[in-house]
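The block underneath contains the structure these notes are about, expressed in structure tokens.
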Amino acid sequence: MDDLYREVIIEHYKNPSYRGHLDPHDISFADNNPLCGDHIQVDLRVDNNGIVTDARFDGHGCAISQASADLLMETIIGKPVEEVKQLNKQDVLDMLGIDLGPVRLKCALLSLKVLKAGVYGLGEASDSLVE
């Protein structure tokens, strides 16, 4: 089963559907993982009802960080911002479907950390956002 999930990760890494920038955007936030140098920026469009109508990410990093960002963007389009705020570490790990060590876990959760800092309107992202 891990092989199937690894294929999904590689596919999202090599052919991301949601890579890019949104201009204009309603929410934008960027951060990096100082342990490995991964960098993610997330741009969102949100309608008057608080629904995410479009989402994009950009950045660089390992396959896990880039694939998790792409999967996360796919997941949040069409959801209310209040629901996006409730996403957590386990949601991202379920999307990836493989066990990760502590270093790779930081890579996988970077996009969630950036996303949540953006939707909460924070000036700085914190690891506590992904719990």
Some residue of segment 40-48 being exposed (fewer than 15 other Cβ atoms within 10 Å of the Cβ), touching a residue at least 24 places away in the same chain (Cβ under 8 Å) and either outside any helix (DSSP H, G or I) or not aromatic (Phe, Trp, Tyr) (or both): no
In segment 1-39, the residues that are in a loop (DSSP other than H, G, I, E, B) and at pLDDT 90 or above: 15, 16, 17, 18, 20, 21, 22, 23, 24, 25, 26, 38
Any hit, segment 59-78, residues being touching a strand residue (DSSP E or B) at 6+ places or on another chain (Cβ under 7 Å), surrounded by fewer than 19 Cβ atoms within 10 Å (Cβ to Cβ) and charged (D, E, K, R): no
Within segment 59-113, tally of residues that are farther than 20 Å from residue 25 by Cβ and not in a helix (DSSP H, G or I): 9
Failed criterion for residue 100 (all others in (1) surrounded by 14 or more Cβ atoms within 10 Å (Cβ to Cβ); (2) at pLDDT 90 or above; (3) not aromatic (Phe, Trp, Tyr) hold): (2)
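The values are calculated or read from the model by the stated rules, or taken from the named source; none is laboratory data. Fair warning: this is a prediction, and the values are worked out from it, not measured in the lab. Cβ sites come from the backbone with ideal geometry, for glycine too, and all protein chains shown count toward neighbours.
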